[in-house]
Each structure stands twice: as structure tokens, then as C-alpha cells.
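Read through the structure below, which is laid out as C-alpha cells, and then see the notes.
Laboratory data are not the source of any read-out in this text; all were calculated from the coordinates shown. No experiment lies behind these values; they were computed from the predicted model shown. Neighbour counts are summed over all protein chains in view; Cβ atoms, including those assigned to glycine, are modelled from backbone coordinates with ideal geometry.
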Amino acid sequence: MKVYRYIIFRSLVSVLGVLAIICAIDFSFNFFSQIEDIGEDYSYRDALEFLVASEPYRIRESFYLCAVVGLLAVFIDQNFLRAFNNLRQAGLSKIKFSAIVFIPVVLLALLSYEYIVPDLTRNAFDERKAKVSLDFNQTPKMIEIEKLESGGYVMISEDLSLTFDADGKVNIKNEYSNEFSNLNYNANLKYLTFSELIENSSSAFKNFNLKVNTEILRRSINFIAYFFIFLIGLEMLLSSNRSLNVNRILVYGFGSCLIYRFVESLVADSISVFNLSFLLQGFPLLMIPIYFLVKRRLTF
């Protein structure tokens, strides 16, 4: 049991260490971006308070990246590697170990979408906007345009809805406006909690529903890709520990995670732009057969 506690503790400490480094880098860059807004109504203290309050929101997208890099980096420690090999000889599988150390990160990431972070983020951005922006009281409104089967279009907002066709005929209606005003819409869906997204996932507006369902699926299963990215990296480390070094871990860990994040964003944007099925955002599930295929075909 002491060995179990040791490897789990060291693994989580390594993840927290990488997270702290990423937070420090992100905080530094964002602090310099705030300087241009410093003035009579927005002081350095206000900027620091905003950055501290919004840091959980900005770093949330990097939880899994920190987990992959941190869990791979801990294997550089020879004491940890010996303890891990002893547990492997006692029957601990690589997948079981990966699940044990990854579950706390997954829980933290998923809970951060529902609790504390969303409200903290909204309050931080609202307070900053009140001090920096001149049009704080002008609440942004959403407008959705849909094509009708008749060939015309309908444009809906909270105030009214109107239809227009190719001949220029315009009819003002209030057919959808009441339902539209009840939507908990935010221009940045990443601000919304899981419950808010689910609440609005079956509205009468197809474009909005598509974005909401895509975001729900993205949040729910994207950890699967990072989990198997880590497993592939672990296979590589354990089979070539003679050439084990920090540089290779950083290149693989950061490189793989950043490539995946790019692909993830590309898929999400493509779904929205081309009106594709939101189920395409479930592509991280493909990492499961890919991992076992790579493991069987190649010798790391």
C-alpha cells in the first residue's frame, strides 16, 4: 500500500507542478495584455484581481495537457520508475495505473464546467467590462437566421422575428421571439455550465442546438483522447528508458496534445459552419482502436 500511495502522490504532484508552470506562463502573458487598459477606472490591482479570478477559466482547457506531460515526466525519476516496475511485477497493469492517476484530473475538469468556475468567470468579466467598456449597459443580443422550406428566410431576435424572401417581401412577426428570449444564450458557450447547456439543447433553433450539443459532447468525452495519448507515451517510455530524457517527453506530450486540440477545434468549427452532425465531435473514441492497433503492430 505504501508503494501505491507513493506513485499516486508523486504522479499528482508532478501534474500539479506542470499546471503551476502553465498557470504562471499564462498569467504573465495575460498581465501584459491588460496593461493597455490601465487607466483611471481600471487600475493594476483591478487587472490582477481579474486575472486571478479568470485564471481557472483560462487554464481549464489545459488540465488534460498538464496531466499528460506531468504523468510522463514523473517517470524520469528513477526511484519512481523502480517503484512502478515493482508494482507491475505484482500485477499492476499500465491501463489500471493510468486510470487511477487520470480519474482525479477528469473529475476536476468535468466539475469545473459546472461549479465555481462558470460563476467566477462571469463575475470577473462583468466587473472588468464595467470598468473598461463604455457600453457595459448595452447587453448584446443574439440573432439567428434560418432558411425556410419556401425559399425565404426567417430572422429571429429577442425583440421580434421577421421573414423575407428573394423578392424583398418582409413580414414582421413575433412567432418565435418569446421562446427565443428564454434561451440561456451566451456568445461564448464555454462560459455556460453543463446544466445550462442541457437545458437549452432542444430549443426550436437548429443552429443554436447544433453548437450546444457539439459543446456538450466535446466536454464529455475529450478526456478519452488525452488518456490514450498518455498511454501511447507510457508505452514509448517503458520500452526505451535508456534514452529517457525531458526533451523527448516535452516534445511528445505538448506536441501530441496541441495537435489534438487543433483537430478538436477544427472539427467543432466544421460542424457549425457546414451544419454537420454533432456526433462527429465524438471522434476521440477513435483513439481506443488506434491505441490497441499501434500497440499490436509496433514495438516501442
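Values computed for the structure shown
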{"quantity": "About the Cα centre, charge dipole magnitude for the chain (Lys/Arg +1, Asp/Glu -1 at Cβ), debye", "calculated": "2400"}
{"quantity": "Angle in degrees between helix 287-297 and the longest Cα principal axis of the chain, rounded to the nearest 10", "calculated": "30"}
{"quantity": "Cβ crowding within 10 Å averaged over residues, with 48-56, 229-237 ranked highest first", "calculated": "229-237, 48-56"}
{"quantity": "Which of Cys23, Cys257, Cys66 has the fewest Cβ neighbours within 10 Å, and the rest in rising order", "calculated": "Cys23, Cys257, Cys66"}
{"quantity": "Length gained when the stretch Val263-Tyr4 is fully extended (0.36 nm per residue, less Cα-Cα span)", "calculated": "89.7 nm"}
{"quantity": "Tally of Lys pairs whose C-alpha atoms are under 15 Å apart, taken over the chain, 8 or more apart or cross-chain", "calculated": "4"}
{"quantity": "222 nm mean residue ellipticity, helices alone, for the chain (DSSP H n ≥ 4; -39,500 (n - 2.57); rounded to 500)", "calculated": "-21500 deg cm²/dmol"}
{"quantity": "Cα-based Rg and Dmax for segment 1-99, where Dmax is the largest Cα-Cα distance (Å)", "calculated": "19.1, 65"}
{"quantity": "Distance between modelled label sites at Lys206 and Asp37, nm, 7 Å Cα→Cβ extension", "calculated": "3.7"}
